[in-house]
Amino acid sequence: MFWKDSDLIYFFVIISSLIMILLGVIIVYYIIKFQKKQFLNLRNIEDLKLKHENNLLKSQLQVQEQTFQNISREVHDNIGQKLTLA
């Protein structure tokens, strides 16, 4: 029933190897999980940048349209006043 010294050494070597392999697998799993999360975060940042740029362009277009409307109103009113004056 008692183990021989060589059997005991083999047992500990095998158990230690299995534990090392298990730890290696766990470390690789977490590294892959971290890289995937980092990739998703970078993609979300790019999406947010694109949305922000689109919002800026929409705002610029709105301001430009309002400016053109104001200019056209003033030109129209100015012509009307000059015709009335004449």
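The values are calculated or read from the model by the stated rules, or taken from the named source; none is laboratory data. None of the values given here were measured: they were computed from a predicted structure.
Below are the figures for this structure:
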| item | result |
| --- | --- |
| Ser59 vs. criteria modelled with pLDDT of 95 or more and on the phi < 0 side of the Ramachandran plot | yes |
| Filter pass, Tyr10 being modelled with pLDDT of 95 or more and of a type in the set (Ser, Thr, Tyr) | no |
